Amino acid sequence: MTRASSTQSILPRTQIPRHVAVIMDGNGRWAKKRFLPRVMGHKRGLDVLENMCRVCSQAGVEYLTVFAFSTENWRRPADEVSFLMGLFLSALQKKVIKMHENGLRLKVIGNRSRFAPEIQQGILQAEELTQNNQGLTLTIAADYGGRWDILQAANALIAEGKTHISEDDLTQKLMLPDAPEPDLFIRTGGETRISNFMLWQMAYAELYFTDVLWPDFNDEEIHRAFTSFTQRERRFGRTSEQLPIEQQRP
Ligand code: IPE
Ligand code: IPE
Ligand code: MG
């Protein structure tokens, strides 16, 4: 029995997070530890993401949202940025077919206007190809920042002439308006910060931080994160005594 199926069998379906958000951190350090160039960590990180998709699909997760490139990552050395762009493009060209065959739906969130035209084109094609699939929705956050997301949503509402807005108005204009808010947030690589990821949407996510570097985040580590999630009591402001009947979103 693989670890993936053990994740499925040990955890009742009701305890599987519907939406998992991940900061895939630690690629550079993983490579450095092996005396490899940092970019080899990114290459390996892509394989680990494929595996994460497989495990999440099998476990019944509906949405997996991963931070691949932040608005701040443009500050990295030009050769690393260029490698990451190349990897993104080749993944869009080569991996998407397999994802489509596996029934995954791909979405990309972020300010895509700064990407090269062939990447923008690749994103559109991948989204279009997979849009009617019923399996896991994999969302790649690329040139994404939580503050940018909130600002673009607010500006969209201003453009509509709104002078007073509600939480619902804003939520509808954020990236990923149709996904439930993340239930479980995972950050690998040992840092305990959010680094401008989905700031609004993560208000009630359960946070899981691990020292394991992203390229080492295997089935066993995924299982550990999911098990930790099942041990949390999600109160959404209520008391323990009001649970479990009220154990649902506010
Ligand atoms: C995360 O790994 C991937 C991206 C930010 C693109 P890092 O490249 O940040 O790896 P570390 O944190 O330097 O080890
Ligand atoms: C966060 O990782 C963004 C991604 C994983 C894409 P970073 O490695 O860029 O975050 P900081 O700089 O350590 O906060
Ligand atoms: Mg990092």
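Computed from the coordinates by the stated procedures, all read-outs in this text should not be read as laboratory data. Given the structure is predicted, the values throughout are model-derived calculations rather than measurements. Heads up, the Cβs are rebuilt from the backbone with ideal geometry, glycines too, and the neighbour counts pull from every protein chain shown.
Summary table
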{"quantity": "Loop-resident sites, segment 208-246, for trypsin sites (Lys or Arg not before Pro), counting at most 16 other Cβ within 10 Å (DSSP)", "calculated": "Arg232, Arg234, Arg235, Arg238"}
{"quantity": "Dipole magnitude of segment 72-113, debye to nearest 20 (Cβ charges: Lys/Arg +1, Asp/Glu -1, about Cα centre)", "calculated": "200 debye"}
{"quantity": "Extreme residue, positive dipole direction of the chain, given options Ala225, Val48, Pro77 (C-beta unit charges)", "calculated": "Pro77"}
{"quantity": "Footprinting exposure proxy for Glu167, Glu191 (fewest neighbouring C-beta atoms within 10 Å first)", "calculated": "Glu167, Glu191"}
{"quantity": "Selection from Gly110, Ala205, Val39, by position along the positive dipole direction of the chain (Cβ)", "calculated": "Val39"}
{"quantity": "Lys, Arg +1 and Asp, Glu -1 on Cβ, resulting dipole of the chain about Cα centre, debye, nearest 20", "calculated": "620 debye"}
{"quantity": "Gained length - Ala78 relative to Thr230, 0.36 nm times residue gap less alpha-carbon distance", "calculated": "50.6 nm"}
{"quantity": "Fewest-first ranking of His19, His223, using other Cβ atoms within 10 Å as the exposure measure", "calculated": "His223, His19"}
{"quantity": "Simple Cβ-charge dipole of segment 105-179, Lys/Arg +1 and Asp/Glu -1, about Cα centre, in debye nearest 20", "calculated": "160 debye"}
{"quantity": "Efficiency of FRET from Cβ geometry, Glu191 and Thr171, R₀ 25 Å, rounded to 0.05", "calculated": "0.35"}
{"quantity": "R0 of 35 Å, Cβ-Cβ distance Met85-Arg147: FRET efficiency to nearest 0.05", "calculated": "0.95"}
{"quantity": "Mean Cα-pair separation over length for the chain, i.e. relative contact order, pairs under 8 Å, 6 or more apart, %", "calculated": "27 percent"}
{"quantity": "Flagged links, alpha-carbon separation over 29 Å, of Lys43/Lys173; Lys43/Lys107; Lys32/Lys173", "calculated": "Lys43/Lys173; Lys32/Lys173"}
{"quantity": "Fewest-first sequence of Met52, Met175 by Cβ atoms within 10 Å of each Cβ", "calculated": "Met175, Met52"}
{"quantity": "Spin-label pair Leu129/Arg29, simplified geometry with 7 Å Cα→Cβ offset, distance in nm", "calculated": "3.5 nm"}
